[in-house]
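Just so you know, all these numbers are worked out from the coordinates, no wet-lab data involved. Computed from a prediction, not measured in an experiment: that's the story for all the values here. As a convention, Cβ positions derive from the backbone with ideal geometry for all residues, glycine included, and neighbour counts pool all protein chains shown.
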Amino acid sequence: MNYTIQASQRTPALIIYLIDISASMNMLMENTRRIDIVYEALSLAIRQMVFRSTKGNRLTPRYRIAILAYSDDVYDLLNGIKGIDEIAAVGTLPDLTPKRFSDSAKAFLQAERILQSELPHMQDCPAPLVCHMTDGVATGDDPEPIAKRIMSMSVPDGNVLVENIFISDHMLDQPILQPRRWKGILPETELQDEHAAKLRNMSSPLPESYREMLAEADYLLSPGALMMLPGSCSELVSIGFQMSAATPVRA
Amino acid sequence: MKTNTAAAQDVFSFVSSQSAEQRLSTYHGRFACRYAYGRAMDSLIQGEKGQDFVGVHIEGDSCNFVLCDGVGQSYQGDFAARFLGNTLLDWLSTTREWSSAAFTGFMKDITGAASEQLKQLTPPGEVPSLLREVLEDKQRLGSQTMYICGRIELPSAKKKHGRIWMAWQGDSRLRFWKNDMEISEHFHATMLTSERWSTLTGPVGGSPHVYQTRLEYGVPARLQLYTDGLDDLDAIRQLLPDEQIQVLLDAPHTGGLQDDAAFLELQW
């Protein structure tokens, strides 16, 4: 239970992305639509996984990915779980088009079903990770009980990890001026937003192995930080997606 | 490649092929030398080169050796391991300057030739564009390898003191026994995953670690080097029989090796 199993061809990591595509994702951040910033950050994370999965000229399928976009319904953008080699073969990710509402509970429920089906075959693999990105209050049912159930699921490497990226300018009392020097959100960090507090309850502690991987990329999150990022600028959104791909891999 | 050109003169060389396995084998002369090489099962199935390298050259009382572990996430880690392994074997047999500064300088000086050769290894054209872009990024960052190299000059009845000189960067294992007592803990703090050699910049993560000591006549010793593909050996302090080391190389418990493995053991 220490999140040290390395992602490999035989023991691939599973990452499930839950992407909020509610209408507010059309709003601008740094003169760019939020949804486009998320698309760029997700594309960069996929590229990073390709980087970590190449040996010689070959891409070894060390990561398996599902991308669920949600509004008032859930859209499985990859039609199931796909290997990083299959995603690289296609070259680009499916479009993310904002729709209306933001029913994150439905997305977490679908993630739970995927995990229930996958976990029995993943006993030697790294603990799976669910990366949730949202910019607002959930409509529909409360996602927290479902997220808690997911966080209690486990493989020998550790419990399933849940990460939250919350695109908001009002989450912390101080702006983050230097994302690379930022220490992260701790259990005791004061949050200005009720929804942010809920998302924190749904966020796993950052495993030490992930923290070390991020430190190699010069992001200095402190021990005890949670897997929660305030997406107040594009760099923080990007860090959030990089965190999702920080499963240990063989050098 | 193995040559034992003149057993009577006690000359022996072995350089691993990265495209074939070498079962555990032994050479007996003034040194007893056990060596082996295995590729990860994934590489074996795909017919790919291994990214480790091991080479040894024994000539009478002296022995030069190199062990490399190419960094899989760098560009063509097999290239860095092979280039550095062969280059260091040459250097060990010709240099007269054993200072840390001279060695560090040498490790920087060879990056030009390495980078020139790496340029020729362009990514294949038929791969998906995203993979090709990533491979091109990696090529710009260079090829990397961890390494341990060294030279042993044995003492003799006429020459009371011999010498061992070693240098390394990375987390490959370097274990040393004198009189059956393991003294490897002296090296542990310096075997760091973050350190390696790069075709682009030379030493990465710090300067090479250099160790040198006298060897006393009549004191038996054992030096064991292996890459992390054989990390099952880490907990074993006693001298393992050949067949047990071969079992670790065959790794039936995991359906073959999960990572490439190179092994070299010298006893005198």
Under the span-like rule (Cα at least 20 Å along the axis, Kyte-Doolittle mean at least 0.5), DSSP H helices of chain A: A:34-53
Tensor-based shape of chain A (alpha-carbon gyration tensor, a/c under 1.5 rounded, otherwise prolate or oblate): rounded
Peptide B:23-34, shielding by other chains (average Cβ, 10 Å cutoff): 0
Theoretical gain in end-to-end length, B:Asn86 to B:Arg237 [0.36 nm per residue, Cα-Cα removed]: 51.4 nm
Segment B:Ala101-B:Met181, extension gain: residue separation times 0.36 nm, minus the distance between their alpha carbons: 25.7 nm
In nm, spacing of pseudo-spin labels at A:Glu212 and A:Ala197 (7 Å Cα→C-beta vector): 3.6
Sites B:Gln244 and B:Arg23, calculated FRET efficiency, Cβ-Cβ separation with R0 22 Å, nearest 0.05: 0.95
Point-to-point label distance, A:Ala23-B:Glu216, nm (Cα→Cβ direction, 7 Å offset): 8.6
Greater than 18 Å apart at Cα, pairs in B:Lys108/B:Lys138; A:Lys148/A:Lys198; A:Lys55/B:Lys138: B:Lys108/B:Lys138
Over chain B, relative contact order from alpha-carbon pairs under 8 Å, at least 6 apart, %: 22
Average partner coverage of A:132-140, which counts Cβ from other chains inside 10 Å: 0
Anisotropy class of region A:25-116 from Cα gyration tensor, a/c 1.5 cut: oblate
Peptide ranges B:199-208, B:161-170, A:27-36 listed from the most packed, as the mean C-beta count within 10 angstrom indicates: B:161-170, B:199-208, A:27-36
Shielding by partners - mean other protein chain Cβ count within 10 Å, residues of B:128-140: 5
Three-way shape label, region B:129-268, alpha-carbon gyration tensor, a/c 1.5: oblate
Sites A:Asp173 and A:Asn2 - FRET efficiency at Förster radius 30 Å, r taken between beta-carbons, to 0.05: 0.35
Expected 222 nm ellipticity per residue - DSSP helices of 4 or more, -39500 (n - 2.57), all of chain A, to 500: -9500 deg cm²/dmol
Net charge of neighbours whose Cβ lies under 11 Å from the Cβ of A:Leu214, counting Lys and Arg as +1 and Asp and Glu as -1: -2
Sites B:Lys108 and B:Gln9, calculated FRET efficiency, Cβ-Cβ separation with R0 45 Å, nearest 0.05: 0.80
